[in-house]
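The values are calculated or read from the model by the stated rules, or taken from the named source; none is laboratory data. Keep in mind it's a predicted model, so treat the numbers as computed, not measured. Cβ: placed from backbone, ideal geometry, glycine included. Neighbour counts: every protein chain shown.
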Amino acid sequence: MRNFAQMGLKALKVGAKVRFLDEVGQGVVTQVMSETSVMVEDENGFEYPYESGRLLIVADAKEEKMAYERVVPSVLEIVQQDVSQEQKKRLEKDFKTKYKEANDRASDRSDMEVDLHMHAIVDSQVGLDPSTMLELQLSHFERMLQIGIRQRMKKLVFIHGIGQGVLRHQIWSRVDSYYPDCSCRSADPREYGSGATEVWIGERAFR
């Protein structure tokens, strides 16, 4: 593999899939700022500037994309109109930490429990309307499911509560629509009542 500096301007294109040389993970180029600088969206949906020499091209992201790597809106895209710049930065930092910790936890286990209640996702709900909160919950659900798939886990339990059943319905619908090798079932009622869903990850999802 060669880095951007070696491959020249032609390789510096939006959609190129890259790995980071000095940190774990990969991402997709979202903007070319100069011959030696690009914006990259990491696996958790956050954008950062990178020098081209710190990156290795893996493949064209569009050629490799599967349903399990579908683009999920970033936290900043979801809350763009709702909160202050300071709160946006705090949310971005909090979620980045959450996904890093989730990746670390998932690397040596076969299942994981994820609480989707808003108080477990964000420290403050100030300024967030109901539709924004639902989008944050669904985005968090998909990113955690994608972490589980990348880490080759067998099962994730998503605690969504009972409420009016909107979040539960959306979870089942998204798994059915976008993750065909995964399946949903109600979690053990003795442990979770009626407020949780198990998502089982099939072997074909690990291709």
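Looking at ARG105, ARG143, ARG109, just one residue is among the basic types (Lys, Arg) and closer than 22 Å to GLU47 by Cβ, and that residue is ARG143. Residues in the stretch 16-33 that are modelled with pLDDT of 85 or more and surrounded by fewer than 16 Cβ atoms within 10 Å (Cβ to Cβ) were compared, and the one that is nearest to SER74 (Cα to Cα) is THR30. Among the residues making up the stretch 107-152, those that are surrounded by fewer than 17 Cβ atoms within 10 Å (Cβ to Cβ), out of contact with any Asp or Glu (no Cβ under 7 Å at 6 or more places or on another chain) and small (Gly, Ala, Ser) are SER107, SER110, ALA120, SER124, SER131. Confirm whether GLU86 is outside any loop (DSSP other than H, G, I, E, B), surrounded by fewer than 18 Cβ atoms within 10 Å (Cβ to Cβ), of a type in the set (D, E, K, R) and assigned by TED's automatic domain parsing to the domain that holds TRP200. In short, yes.
Residues in the stretch 70-91 that are modelled with pLDDT of 80 or more, aliphatic (A, V, I, L, M) and farther than 15 Å from PHE141 by Cα: 1 in all.
Does VAL71 satisfy the condition of being in contact (Cβ under 8 Å) with a residue 40 or more places away in the chain and among the hydrophobic types (A, V, I, L, M, F, W, C)? So VAL71 fails the test. Among residues of the stretch 165-190 being basic (Lys, Arg) and closer than 20 Å to GLN146 by Cβ, the one that is surrounded by the most Cβ atoms within 10 Å (Cβ to Cβ) is ARG168.
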